[in-house]
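Laboratory data are not the source of any read-out in this text; all were calculated from the coordinates shown. In this text the structure is predicted, and so the values were computed from the model without any measurement. Every residue, glycine as well, gets a Cβ built from its backbone with ideal geometry; the counts of neighbours run over all protein chains shown.
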Amino acid sequence: MSSLLQEMNANALKLGIPLGVQLDLTYRCNERCIHCYLDHDDQGEMTTTEIKDLLDQLANAGVFFLTLSGGEILMRRDFFEILEHARVLAFCVKLKTNAVLIHEKEAERIQALGVESIQVSIYSHRHEVHDAITKMPGSLRRSLDAIRFLRTKGLRVIIANVLMLKNIQDYPSVRALAEELGVEVTIDPTITPKMDGDRSLLDLNIDQAALSRVFHDQDLVGDVEGFHSPPSTIDDATLDSLPCSAGHTACYVSPYGDVYPCVQFPLPSGNVRRTKFLDIWHHSPQLNEVRSISARELTGCSKCLNLKSCTRCPGLAYMEGNMRGPSTQDCEKSLARTGIPSTNLLSKKPTLAGLVQIGRLPILQSPVTA
Amino acid sequence: MNQNGYARRSSRVAARRLGDEVVIMSIENTAFLFSLNRVAALIWEAADGMTSIEEISARICSRFDVAPKAALEDALDLVKRLAKHGILQMSDTPISAANDFVQESR
């Protein structure tokens, strides 16, 4: 992160400004990805007028980064009207899409309106693998065609490559494909539970051996030795630190107007159909509770050796039952990174046989799970 | 451009006021982020294409303890620097405030 961006974040935190908001325009989608955490039925989406009013409120609240996501954003017939309104309000807009509905005309319109980036989900370079994950025949071809249209217009495209058991061996080829297309790529090894709490999707996650391989890939982590260096001593600064931006300088709004600390932190904190956004942001008891939690108060984690380098997600912890508790998925990442089981994993060890292969470390030579 | 010139905020930017400052990012080059202090923020917000640089610098003088000549020089300098990065447009004549985004929507 650039120093100016860090300064901007620090200022926003000090001033109580929600610097970044993700707004899901719809949960409807033309794909049916096997790992998706959403229910795709329309439960009463905000109207165009409601969304425009919300955007006005977000601009007045100081929101700079606006991520428009879904569902599939282009499933909304008013998508370009919404995007235009967002750009008139001078948001820095990021789009998340599967892009299958983007053709030359749509790419041209996006270029004319001006967005910071368009993130497109690509799961594999192999059609049979990608299309099996999206459950939409021809989806890889259409998404790649769209990326080419967007690139032709000079737009910044980022491929999002979510890793799971079905595609773990393909990420180097996806990276090569991204290079060929002239786009960036992000790799995410985390499958999250459904927003309704159903945790069955977690079975799709890559196992500890594969995670460790990913974390030892120099192309991904850069300085492998530095990345895997033993965690440093817990100091007061670490204990007083905040977990992440969720609820502090960022939040999430669903297509139904529900406000949550983050898309991955489904703690209902208010609804913009009943309450003004800024009132929710400043006065929601739930958001204020999230803000009150420092690392010092985390159950178990505050004494964990991995605390300083852990990427603990408070939302995943919440979905595990306690927003002050550990997120086992992040404990597994810390284990793959430092080789040291977290306090949480140690307490669970007897019941984790077969799920987390603690006893097999170091596991660099383990085969990648197909 | 001289003191009677005009400046207008580009539509190809993202911008927001954060307290006393204004943060700006050019959509054409997202690698650069600009932070304007409170005087520069006032110039930015006044750059509507219809208010001359001279009028803008007069507003600065009325808000801050600064000599008119210095305010005008600083305003002109800032406008030129921001224009170089494409986040402001400059002209010797007023610049239309037409909506740059208006096109046929889907």
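Taking the DSSP beta bridges in chain A as the whole, what percent of them are antiparallel, to the nearest 5?
Beta bridges within chain A, antiparallel portion: roughly 15 percent.
Backbone phi angles across the range A:209-223, fed through the Karplus curve with coefficients 6.51, -1.76 and 1.60 (θ = phi - 60°), yield HN-Hα couplings of 5, 5, 4, 5, 4, 4, 6, 9, 7, 4, 5, 8, 9, x, 6 Hz in residue order; Gly and Pro are listed as x.
Peptide A:77-87 is shielded by partner chain Cβ atoms: per residue, an average of 3 of them sit within 10 Å of its Cβ.
Show that you can apply the helix-only estimate: for chain A, add -39,500 (n - 2.57) for every DSSP H stretch of four or more residues, divide by all residues, and state [θ] at 222 nm to the nearest 500. About -10000 deg cm²/dmol.
Distance between the 7 Å Cα→Cβ label points at A:E104 and A:E289: 5.5 nm. The string of couplings for the range A:280-291 from the Karplus curve (6.51, -1.76, 1.60, θ = phi - 60°) is 5, 4, 8, 10, 4, x, 5, 5, 5, 5, 4, 5 Hz, one whole number per residue in order, with x for Gly and Pro.
Taking every C-alpha pair closer than 8 Å and separated by at least 6 residues, the mean separation divided by the residue count of chain A gives a relative contact order of 16 percent.
Based solely on its DSSP helices, what 222 nm [θ] is calculated for chain B when runs of n ≥ 4 H residues each add -39,500 (n - 2.57) and the sum is averaged over all residues, nearest 500 deg cm²/dmol? Don't skip to the end; give the middle numbers.
Numbers: 3 runs with 37 residues, N = 106.
Calculated from helices alone, the mean residue ellipticity at 222 nm is -11000 deg cm²/dmol.
Tell me whether the range A:164-305 comes out rounded, prolate or oblate; compute the Cα gyration tensor, take square roots of the eigenvalues as a ≥ b ≥ c, and use a/c under 1.5 as the rounded threshold.
Cα axes put the range A:164-305 in the oblate bin.
Can you work out the FRET efficiency for the pair A:Q6 and A:R296, with r the C-beta to C-beta distance and R0 = 22 Å, to the nearest 0.05?
The formula returns an efficiency of 0.45 here.
Bridging of B:K69 to lysines at a Cα separation below 21 Å is possible for B:K80, once same-chain residues fewer than 8 apart are set aside.
The mean sequence distance of close C-alpha pairs (under 8 Å, at least 6 residues apart), as a share of the length of chain B, puts its relative contact order at 37 percent. Within the range A:187-258, the trypsin sites (Lys or Arg not before Pro) that combine a DSSP coil assignment with at most 13 other C-beta atoms in a 10 angstrom radius are A:R199.
What is the dipole size for the protein assembly as shown, taken about its Cα centre, with +1 at each Lys and Arg Cβ and -1 at each Asp and Glu Cβ, in debye to the nearest 20? Dipole of the protein assembly as shown, to the nearest 20 debye: 440 debye.
Name the shape class, rounded, prolate or oblate, that the alpha-carbon gyration tensor gives for chain A, where a ≥ b ≥ c are the square roots of its eigenvalues, rounded holds for a/c under 1.5, and otherwise prolate holds if a/b is larger than b/c and oblate otherwise. Oblate shape, in that a/c is at least 1.5 and b/c is the bigger or equal ratio. Counting only other chain Cβ atoms within 10 Å of each residue's Cβ, the peptide B:9-16 averages 6.
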